[in-house]
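Everything below concerns the one structure shown next.
The values are calculated or read from the model by the stated rules, or taken from the named source; none is laboratory data. Remember, predicted model here, so these are calculated numbers, not experimental data. Cβ placement follows ideal geometry from the backbone for every residue including glycine, while neighbour counts extend to all protein chains displayed.
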Amino acid sequence: MNDLTIVRGKRTVAQRILGFFGKTFVNVFLILVAVLWLVPSFGLFVTSLRPIGESTSSGWWNALTHPAQLTWENYLNLLQNSTITNSLLNTVMIVVPSTVLVVLIGALAGYAFAWMDFPGRDWMLVGVIVLLAVPLQVALIPVARMYGALGIFGSIAGVVAFHTAFGLPFAIFLLRNFFTQIPGEVLEAARVDGASEWRIFSRIVLPLGGPAIASLAIFQFLWTWNDLLIGLIFTTPTTQPITVAIQSQLRTFGANIDVLSAGAFLSMIVPLIVFFAFQRYFVQALLAGSQK
Amino acid sequence: MATSVVSPADASLRESGSQPLSRRGRRRELLIAAGFLAPALILLGALVVYPMVYTLVRSFYSARGDEFVGWDNYVTMFTSDSTFTAIRNNIIWVVVAPVLCTSLGLIFAVLMDRIRWSTAFKLIIFMPMAISMLAAGVIFRGMFQEDPEIGVVNAVVVAAKEAFSDTSSYPGAKPRPDVGVSVDRDLISADASLAPGESQDFPLVGIRVTDLPDDSTQAAPAPAASDGQITGTVWLDFVPGGGGVNGQIDPGEAGLPGVRVDVVGPDGVAGSAITEADGTYVVEGLDPGEYRVALPAANFTTGASGVPWLSSTFITAVVILSYVWIWAGFAMVMIASGLSAMDRTLQEAARVDGATEWKVFTRITVPLLAPVLVVVFVTLIINVLKIFDLVYVIPPGNAKPAANVIAVEMWTVSFGGGNNQGLGSALAILLLVMVLPFMWINVRRFKAEREG
């Protein structure tokens, strides 16, 4: 017994020494990783603050030793560029309605899947899970035709509808999972009191679903804000979102680096603010999205 | 999100079973359910399900859609060069990117457990998930510019090359005049033609003694060249403190190690060698004939050149790297949440029993994490299959064909000028087919969870 304790005690000392070096090593390694992960965004930010003349002749890291060259000029130019400001406005006009619609329509359907009984419910739920993974490429050609026939091709409404439709499977899935956890007695009590389904939904389910709805909203917001492909196909130069406006500058990468870097960073600001403010909800959406 | 064994709707049905609903009440209930579902079903039906069927049918019709062509579009898909490259690249993506993201995520998640600033670390690694792939594309295209003065990656590569390479750089070196060696724009070459078995020395000046590499030693005469060889010495023809004969190897004169020597025949470079510490070189394996010996300009220019990252050769690797930068954080966060939900007593017990950290990791932690790892992996595969933005944004025009993937090719042929919506539809269906197995995994997992 005594021997064992000693052996254990010895190992603890050895472990402590090992642990100390291990910890230092882990810390140094992760600091390196963190720096490596930060450099790309940081480089873009510094580039966006350099005059075009500097950016075409030397790398952004030169600005670290010559901070005098940094200027807000690129951003001021950008904000006076009506193409960019319009496209930023378009992005907002696409993102806000499609986020609201996805949450609302997804919550209605999620509630029905969670607490109502109708024929084919389980079968339809499996359908929703199948749709979760459908690549949106399969819808591009027919929807473009359909929008053309309806005369809404290129309109903000068309883009919003497309984003909403492809956001719905995830929304239904996430909210249905969350709503099933609401205690049945609460809903039953309301029913006994004679509350209508709509009243139960709007007064009990939606408020209780707050965290899940926040997660979904953040997720949908970021997804729509950052979209390029849908905007590329379904918008015109007057309705294009910021991502499409920036990509049209890509053809001449080096010569346009002032517009590109400042524009790219400008397009990142809102998502980054949303991310840092609500990252807990964003993580929850991802976790819930893949179940467990 | 655990789902109870009896789903809530069943439970409510059973409760109301004691007082069976009238047929009218039941119809009313169904109508309400339909009302709640209608907006979602209409949108999903019109913009997802119907288009899916339409695309499937459309894929059997010609470019303009007026002629039934059977499997032609699918045949074209696998025989045309650009679509075939796209399919091949997609396979590379699916094999490489999810594995890289998941393993990095796993390493980060496990190590993150042991540091105090794990919250900050998590935010830093996870942050790229918030920004658009377009912005990420602009970032990576900038970082991997070929010019080391502009692209940060090549700036590092060139700096490392200069620090570690065996070919040293001797900027400003010139041949000693009047010894039969001349210089043309940094290329130093012998004036006379040589046959194998002969020697050519290069007495150079214009290098400061303090700039000599540490491994430089006293210059030595080259060994006599045998058949198929050309030998010689490259040295600094200067004795510190004076003395010595110009063009001859004198005591105190240093050999120039790491200089590349090319032997140029009528068909180009026939052989080359790198000089030793004493400046000697031996080029071997030469056929009989007339050769010129030269020291290429790379030995004497200041900067090594950058790697052409954005050329066809490396482009897919670079784009995959940018994807990993974004999605490793996703894998890390998912795995970290799996870790935090894990009961650690097994690991503790194994440690007490003397298991090494590595054993604990591979034998206990990873197997326990397996369900989470599968979820991450499947999610990444589904995501990688339809990769578009990064591949659309990062490659410059001349590397676009080499970087092609299915989603980009689908866009190009149907919207980006190809004007062939038949082939575009077939490509979209191919994507759908590739996703099917992973859909099936998702459905099975969902059903298994419901059954408890």
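Kindly evaluate B:ASN419 against the criterion of being over 23 Å from the mean Cα position of the chain (by Cα) and touching a residue at least 12 places away in the same chain (Cβ under 8 Å). When the stated conditions are applied, B:ASN419 passes them. Scanning region B:210-242 for residues that are more than 27 Å from B:GLU290 (Cβ to Cβ), touching a strand residue (DSSP E or B) at 6+ places or on another chain (Cβ under 7 Å) and free of Cβ contacts under 8 Å to residues at least 60 places away in the same chain yields B:LEU212, B:LEU236, B:PHE238. Looking at this structure, is A:SER55 modelled with pLDDT of 90 or more and closer than 18 Å to B:VAL138 by Cβ? In short, no. Only residues that are surrounded by fewer than 17 Cβ atoms within 10 Å (Cβ to Cβ) and either at pLDDT 80 or above or over 16 Å from B:THR275 (Cα atoms) (or both) were counted in region B:165-178, giving 5.
Touching a Phe, Trp or Tyr at 6+ places or on another chain (Cβ under 7 Å), of a type in the set (A, V, I, L, M, F, W, C) and assigned to a helix (DSSP H, G or I): is that true of B:ILE335 in this structure? Criteria not met by B:ILE335. Counting only helices (runs of 4 or more DSSP H) that sit wholly inside region B:118-208, those with at least 1 residues that are on the phi < 0 side of the Ramachandran plot and among the polar types (S, T, N, Q) are B:118-126, B:152-164.
Here is the figure for region A:54-87: residues that are within 13 Å of another protein chain (Cβ to nearest Cβ), assigned to a helix (DSSP H, G or I) and without any contact (Cβ under 8 Å) to a residue 60 or more places away in the chain total 5. I'd like to know if region A:188-198 contains one or more residues that are part of a helix (DSSP H, G or I), among the hydrophobic types (A, V, I, L, M, F, W, C) and touching a Ser or Thr at 6+ places or on another chain (Cβ under 9 Å). Taking every residue of region A:188-198 in turn, none turns out to be part of a helix (DSSP H, G or I), among the hydrophobic types (A, V, I, L, M, F, W, C) and touching a Ser or Thr at 6+ places or on another chain (Cβ under 9 Å).
In region B:58-67, the count of residues that are at the interface with chain A (Cβ under 8 Å from one of its Cβ atoms), assigned to a helix (DSSP H, G or I) and either surrounded by fewer than 18 Cβ atoms within 10 Å (Cβ to Cβ) or modelled with pLDDT of 95 or more (or both) is zero. All told, B:ARG363 falls short of being at the interface with chain A (Cβ under 8 Å from one of its Cβ atoms) and assigned to a helix (DSSP H, G or I). Scan region B:370-379 and give yes if some residue there is more than 9 Å from chain A (Cβ to nearest Cβ) and over 24 Å from B:THR102 (Cα atoms), otherwise no. Scanning region B:370-379 turns up no residue that is more than 9 Å from chain A (Cβ to nearest Cβ) and over 24 Å from B:THR102 (Cα atoms). One residue stands out in region A:43-53 among those that are of a type in the set (A, V, I, L, M) and part of a helix (DSSP H, G or I): the one that is nearest to the chain's Cα centre (by Cα), namely A:LEU44. Consider region B:192-226 and keep the residues that are modelled with pLDDT of 85 or more and acidic (Asp, Glu). The one that is surrounded by the fewest Cβ atoms within 10 Å (Cβ to Cβ) is B:GLU198.
Looking only at residues of region A:237-263 that are under 18 Å from B:GLY397 (Cα atoms) and in contact (Cβ under 8 Å) with a residue 12 or more places away in the chain, we find that the one that is farthest from the other protein chains (Cβ to nearest Cβ) is A:ALA255. For region B:95-128, the set of residues classified as surrounded by fewer than 19 Cβ atoms within 10 Å (Cβ to Cβ) and more than 11 Å from chain A (Cβ to nearest Cβ) consists of B:VAL95, B:VAL96, B:VAL99, B:LEU100, B:SER103, listed by residue number. Looking at B:LEU427, B:LEU431, B:LEU436, just one residue is facing another protein chain (nearest Cβ under 9 Å), without any contact (Cβ under 8 Å) to a residue 24 or more places away in the chain, assigned to a helix (DSSP H, G or I) and not small (Gly, Ala, Ser), and that residue is B:LEU436.
Inspect region B:365-373 for any residue being modelled with pLDDT of 85 or more, touching a Leu at 6+ places or on another chain (Cβ under 9 Å), closer than 27 Å to A:ASP227 by Cβ and β-branched (Val, Ile, Thr) and give the result as yes or no. No, because not a single residue in region B:365-373 is modelled with pLDDT of 85 or more, touching a Leu at 6+ places or on another chain (Cβ under 9 Å), closer than 27 Å to A:ASP227 by Cβ and β-branched (Val, Ile, Thr). Here is a check on your reading of the model: is A:ASN90 away from chain B (no Cβ under 14 Å) and in contact (Cβ under 8 Å) with a residue 40 or more places away in the chain? Spelling it out, A:ASN90 is indeed away from chain B (no Cβ under 14 Å) and in contact (Cβ under 8 Å) with a residue 40 or more places away in the chain. It is to be established whether one or more residues within region A:273-280 are part of a helix (DSSP H, G or I) and closer than 27 Å to A:GLY59 by Cβ. Taking every residue of region A:273-280 in turn, none turns out to be part of a helix (DSSP H, G or I) and closer than 27 Å to A:GLY59 by Cβ. Considering (1) in a loop (DSSP other than H, G, I, E, B); (2) within 11 Å of chain A (Cβ to nearest Cβ), the lone condition that B:ASP343 does not fulfil carries the number (2). Within region A:154-200, the set of residues being among the aromatic types (Phe, Trp, Tyr) and either crowded, with 23+ Cβ neighbours inside 10 Å or modelled with pLDDT of 90 or more (or both) comprises A:PHE162, A:PHE166, A:PHE170, A:PHE173, A:PHE178, A:PHE179.
When the residues of region A:264-280 are filtered to those that are within 8 Å of chain B (Cβ to nearest Cβ) and closer than 20 Å to A:PRO237 by Cβ, the one that is surrounded by the most Cβ atoms within 10 Å (Cβ to Cβ) is A:ALA264. Taken over region B:269-305, the criterion of being surrounded by fewer than 18 Cβ atoms within 10 Å (Cβ to Cβ) and under 33 Å from the mean Cα position of the chain (by Cα) is satisfied by B:VAL269, B:SER272, B:ILE274, B:ALA297, B:ALA298, B:THR301, B:THR302, B:GLY303, B:SER305. I'd like to know if region B:94-104 contains one or more residues that are at pLDDT below 90, in a helix (DSSP H, G or I) and not basic (Lys, Arg). No, region B:94-104 has no match at all. Kindly establish whether B:ILE115 is β-branched (Val, Ile, Thr) and touching a Gly at 6+ places or on another chain (Cβ under 8 Å). No: the conditions fail for B:ILE115. Filtered by the rule that a residue be in a helix (DSSP H, G or I), touching a helix residue (DSSP H, G or I) at 6+ places or on another chain (Cβ under 7 Å) and either more than 7 Å from chain A (Cβ to nearest Cβ) or among the basic types (Lys, Arg) (or both), region B:393-405 gives B:ALA399, B:PRO401, B:ALA402, B:ALA403.
Checked against the criteria, A:VAL143 counts as facing chain B (nearest Cβ under 7 Å), in contact (Cβ under 8 Å) with a residue 12 or more places away in the chain and of a type outside the set (S, T, N, Q). If you go through region A:1-52 and keep only what is modelled with pLDDT of 70 or more, surrounded by fewer than 14 Cβ atoms within 10 Å (Cβ to Cβ) and among the polar types (S, T, N, Q), you end up with just A:THR24.
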